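The values are calculated or read from the model by the stated rules, or taken from the named source; none is laboratory data. Keep in mind that what you see is a predicted model, and the values were worked out from it rather than measured. Every residue, glycine among them, receives a Cβ derived from its backbone with ideal geometry; neighbour counts consider all protein chains shown. For the accessible areas, the whole protein counts, side chains as well, though only heavy atoms, and no ligand, DNA or RNA atoms are used. Shrake-Rupley method; radii C 1.70, N 1.55, O 1.52, S 1.80 Å.
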Amino acid sequence: MAIDEEQKLWLHSSVSRSNNKFFGITLVSIGCVIVFLYQYLDSFSSTSTSTSTSQVVLKNLPDRCKDNMNALTLYDKSRLQLSRQTNQSVYINYLNNLGNTHHFKFEDDKVLLFGKGSGIWMEM
């Protein structure tokens, strides 16, 4: 059996152990980078979704508060005015026919009324 020139080239160009290690390390590194990028992009997309959802909830919160106050007090919703809003609470004022203002706070799905004499918020 005679070995031609092409077979001689293949016999002498074998891959060494160091090349195999380098190739393995490179594959593992590329795999780690892909997994890291996948996790990073997934956490970024879920954060932006939750942020936009919370903004919609905060935008609709005053209307929900007015509905709850109307159900508890039977006050006209058109006379319930938004005073201010924080991340945790919505403050609403009600001006009655005599010119007196009642201060309400909506917090954790509870309606609280401010007692001027005692200076505390009372749950309704």
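Just the number, please: carbon plus sulfur as a percent of the accessible area of the stretch 60-124, 1.4 Å probe, no ligands or DNA/RNA counted.
It is 47 percent, rounded to a whole number.
Spelling out what I want: for every residue of the stretch 82-89, take phi, set θ = phi - 60°, compute 6.51 cos²θ - 1.76 cosθ + 1.60 (Karplus), and round to whole Hz; glycine and proline get x.
5, 8, 7, 9, 10, 5, 9, 9
Would you kindly state how much longer the chain becomes between Asn20 and Ser78 on full extension, computed as 0.36 nm times their sequence separation minus their alpha carbon distance, in nm to one decimal?
Once the chain is fully extended between Asn20 and Ser78, it gains 13.2 nm.
What distance in nm separates the two pseudo spin-label positions at Asn70 and Cys32, each 7 Å out from Cα along the beta-carbon direction?
Once both label points are built, they end up 6.0 nm from each other.
With each label point set 7 Å from Cα along the Cα-Cβ vector, what nm distance links Asn87 and Met122?
In this crude spin-label approximation the distance works out to 3.2 nm.
With label points built 7 Å along Cα→Cβ from the Cα atoms of Asn97 and Tyr40, find their separation and express it in nm.
Taking the two extended label points, one gets 6.6 nm.
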